[in-house]
Amino acid sequence: MTSLPHNTDVLIVGSGIGGATFAAGLAESGATVTILERGEQLPDCAAARDTRAIFAKGVWRPKETWRNARGVPFSPGNYYFVGGNSKFYGAVLIRYRERDFEALEHADGLSPAWPFSYGELEPWYARAETVFNVHGRSGEDPTEPPRSTAFPHPSVPDEPSIAVARQRLKAIGLKPFSLPLAVDIERWLARGRTPWDAYPDTRCGKFDAETGPLAIALASPNVSLVTGALVERLVSSSDGRQIAGVEVLYEGERRLISAGLVVLSAGAVNSAALLLRSANENCPTGLANRSGVVGRHFMNHNCTAMLAVDPRQRNDSVYQKTLGLNDFYFDDGRGGPPLGNVQLLGRITAPILKANLRLVPERLLARLSAHSVDWYLMSEDLPNPESRVRVEGGDIVLDWRRSNMTAHRGLVARMREMFRAAGYPIILTRPFDRRTPSHQCGTVRFGDDPDTSALDTYCRAHDHPNLFVVDASFMPSSAAVNPALTIAAQALRVADHIVAKGFAA
Ligand SMILES: Cc1cc2nc3c(=O)[nH]c(=O)nc-3n(C[C@H](O)[C@H](O)[C@H](O)COP(=O)(O)OP(=O)(O)OC[C@H]3O[C@@H](n4cnc5c(N)ncnc54)[C@H](O)[C@@H]3O)c2cc1C
């Protein structure tokens with residue numbers, strides 16, 4: 001990690017999935033690339049595998065607060081380390097389904113078409129799977145899109161209790177599939193016998209933005225990473241057309257760094273907030289915001305944890321998270337609209353339950369957890385211009401208008417039926433709350449029309465030819481699968497495009 005330069009060819013704000021993968025895509029280009037990351041490298045210490053420290057004490061959560069639409073402050077589950085949110089992710093690196101790129105009618109509205117088809121992104125999906133060492137198996141999921149390559153590694157094996165769950169689900173006619181995972185399970189377990197979902201990665205077997213693409217990028221002498229560098233605003237040229245550079249707070253001082261290309265990869269909430277905070281005389285509503293869409297269309301999946309409990313059967317698994325179900329992804333199984341994706345959570349143990357159910361004695365929770373298989377139900381959130389990130393008095397205000405809850409309630413009801421049919425008589429559910437923007441996206445949407453989108457289909461700002469936004473912000477719809485592989489694939493596609501154009505602004 002290096003000190004701050006005065007200028008650079010390409011300046012990337014943020015080392016998460018978008019920023020790090022984009023940097024990997026430019027590694028061989030010969031351009032000088034500087035990544036500014038506000039966080040530091042996540043330290044390896046006991047708290048990294050301490051379930052109580054992570055879930056009850058929240059030791060890794062940021063100190064900052066955002067406000068909700070009613071002005072109430074909350075602590076968001078949004079992580080600031082080298083590698084960004086992916087340090088904590090469940091490492092499910094799954095492609096959007098082919099029809100996710102098309103307009104799709106849902107119970108409560110329309111999921112819009114992307115400006116290009118699945119086929120356009122497919123070659124970069126394949127490359128992204130290599131960059132992240134995805135472990136998977138084809139041919140089990142009927143919604144799986146066509147692939148030009150095999151998975152780079154075989155799937156992570158089911159533990160014995162999960163193999164039983166797989167058989168039970170198959171027996172009632174469902175089609176469980178092996179989740180595509182960016183995990184080397186032997187290395188992960190060698191550091192500590194815990195799940196990886198929501199546990200921070202100290203470079204021990206999870207392939208996240210730091211251990212995957214950032215490691216590739218930093219192997220090139222042209223790419224450097226500066227940590228503890230908080231970008232506060234972007235500065236535009238006197239006519240407002242170009243981005244001259246960024247203002248950064250580093251070691252207690254405010255500095256200006258100039259750059260040929262500026263790439264914003266701070267995550268969907270922070271990238272939008274930065275553009276809004278950078279308003280000036282020429283761009284009074286914020287940069288890249290002639291259309292007025294910056295900060296709007298905030299999406300985050302609608303999710304519920306579902307514990308399927310069979311008092312006669314123990315679940316002795318450690319990591320658990322190897323199965324998914326897309327049986328109700330495109331319809332409810334009875335000719336009705338799409339419901340969503342179902343996948344295993346990382347193993348839910350008594351200390352995790354206790355962090356959420358503080359009044360229940362932990363020994364009861366331990367008995368419950370010993371017999372439950374723990375699932376994550378995820379439905380698409382539809383874009384709504386009133387669902388938005390704003391900046392008020394310097395603070396981030398997140399006014400998330402949830403949508404498509406009919407589909408999500410339908411998914412919960414359908415899976416309750418299915419798990420009961422599969423021999424789990426007790427079903428317990430808990431919805432995920434609004435303070436966890438894990439799958440945030442959509443706030444700086446791309447599209448062909450500068451009147452209704454902020455970016456073109458290569459994530460270049462319609463208003464500023466040397467500004468790109470390469471993170472979850474660009475997505476015009478959220479689909480109902482995990483977003484990181486799609487962000488990474490688009491980052492590689494954008495990097496190739498910029499190199500092919502010779503970095504011309
Ligand atoms: C607990 C959890 C589990 C998840 N599981 C999965 C999963 O299984 N599969 C999946 O696909 N997705 C998962 N996700 C979501 C996934 O992590 C995100 O979609 C992905 O990381 C988003 O990439 P990004 O580039 O948009 O932002 P991020 O990866 O969050 O990167 C943003 C980066 O910018 C930095 N930054 C922000 N502001 C500034 C600033 N002003 N100056 C400098 N740097 C800044 C941040 O510190 C961060 O490093 C999960 C997320 C969480 C929290």
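Filtering the range 134-153 to residues that are in contact with a Leu (Cβ under 9 Å, 6 or more places away or on another chain) and in a loop (DSSP other than H, G, I, E, B) leaves Val134, Gly136, Asp141.
Is it the case that Ile54 is part of a strand (DSSP E or B) and hydrophobic (A, V, I, L, M, F, W, C)? I'd like the intermediate steps shown before the answer.
Working: part of a strand (DSSP E or B): no; hydrophobic (A, V, I, L, M, F, W, C): yes.
In short, no.
Per-residue answers, yes or no, for (1) more than 19 Å from the chain's Cα centre (by Cα); (2) assigned to a helix (DSSP H, G or I); (3) more than 24 Å from Arg445 (Cα to Cα):
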{"site": "Tyr319", "(1), (2), (3)": "yes, no, yes"}
{"site": "Phe328", "(1), (2), (3)": "yes, no, yes"}
{"site": "Gly335", "(1), (2), (3)": "yes, no, yes"}
{"site": "Gln343", "(1), (2), (3)": "no, no, yes"}
{"site": "Arg363", "(1), (2), (3)": "yes, yes, yes"}
{"site": "Leu368", "(1), (2), (3)": "yes, yes, yes"}
{"site": "Met378", "(1), (2), (3)": "no, no, no"}
{"site": "Leu382", "(1), (2), (3)": "no, no, no"}
{"site": "Glu386", "(1), (2), (3)": "yes, no, no"}
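Residues in the range 442-461: is at least one in a loop (DSSP other than H, G, I, E, B), more than 14 Å from the ligand (Cβ to nearest atom), touching a helix residue (DSSP H, G or I) at 6+ places or on another chain (Cβ under 8 Å) and free of Cβ contacts under 8 Å to residues at least 60 places away in the same chain? Taking every residue of the range 442-461 in turn, at least one turns out to be in a loop (DSSP other than H, G, I, E, B), more than 14 Å from the ligand (Cβ to nearest atom), touching a helix residue (DSSP H, G or I) at 6+ places or on another chain (Cβ under 8 Å) and free of Cβ contacts under 8 Å to residues at least 60 places away in the same chain.
Note on the range 352-381: among residues that are among the aliphatic types (A, V, I, L, M) and touching a residue at least 40 places away in the same chain (Cβ under 8 Å), the one that is most open to solvent (accessible area, probe 1.4 Å) is Leu368.
Looking only at residues of the range 248-274 that are open to solvent by 50 Å² or more (accessible area, probe 1.4 Å) and not small (Gly, Ala, Ser), we find that the one that is nearest to His297 (Cα to Cα) is Leu249. Only one entry of Arg255, Arg233, Arg203 meets the criterion of being assigned to a loop (DSSP other than H, G, I, E, B) and in contact (Cβ under 8 Å) with a residue 24 or more places away in the chain, and that entry is Arg203.
Within the set Pro213, Pro195, the sole residue that is modelled with pLDDT of 95 or more, closer than 20 Å to Tyr80 by Cα and not hydrophobic (A, V, I, L, M, F, W, C) turns out to be Pro213.
If a residue must be out of contact with any helix residue (DSSP H, G or I) (no Cβ under 7 Å at 6 or more places or on another chain) and under 19 Å from Asp374 (Cα atoms), how many such residues does the range 384-429 contain? Qualifying residue count for the region: 18. Here Cys459 does not qualify as surrounded by 20 or more Cβ atoms within 10 Å (Cβ to Cβ), within 19 Å of the chain's Cα centre (by Cα) and either within 30 Å of Gly335 (Cβ to Cβ) or among the polar types (S, T, N, Q) (or both). Against the conditions (1) within 12 Å of the ligand (Cβ to nearest atom); (2) hydrophobic (A, V, I, L, M, F, W, C); (3) outside any strand (DSSP E or B); (4) open to solvent by less than 10 Å² (accessible area, probe 1.4 Å), Ala217 satisfies every one except (1). Looking at the structure I just gave you, is Ala165 over 23 Å from Arg493 (Cα atoms), open to solvent by less than 50 Å² (accessible area, probe 1.4 Å) and assigned to a helix (DSSP H, G or I)? Taking the combined requirement at face value, the residue satisfies it.
With respect to Pro62, is the statement that it is open to solvent by 20 Å² or more (accessible area, probe 1.4 Å), within 16 Å of the ligand (Cβ to nearest atom) and over 19 Å from Lys206 (Cα atoms) true? Answer is yes for this residue.
Return the residue satisfying two criteria in turn: it lies in the range 275-292 and is aliphatic (A, V, I, L, M) and open to solvent by 10 Å² or more (accessible area, probe 1.4 Å), and of such residues it is farthest from the ligand (Cβ to nearest atom). Among those residues, the one meeting the criterion is Ala279. Being of a type in the set (A, V, I, L, M, F, W, C) and near the ligand (Cβ under 10 Å from one of its atoms) is the filter; apply it to the range 29-46 and report the residue that is surrounded by the fewest Cβ atoms within 10 Å (Cβ to Cβ). By that ranking, first place goes to Leu36.
The values are calculated or read from the model by the stated rules, or taken from the named source; none is laboratory data. Please read all numbers here as calculations on a predicted model, not as lab measurements. Positions of Cβ are backbone-derived with ideal geometry, glycine not excepted, and every protein chain shown enters the neighbour counts. Note: accessible area is taken over every heavy atom of the protein model, side chains too, but ligands, DNA and RNA are not part of it. Shrake-Rupley method; radii C 1.70, N 1.55, O 1.52, S 1.80 Å.
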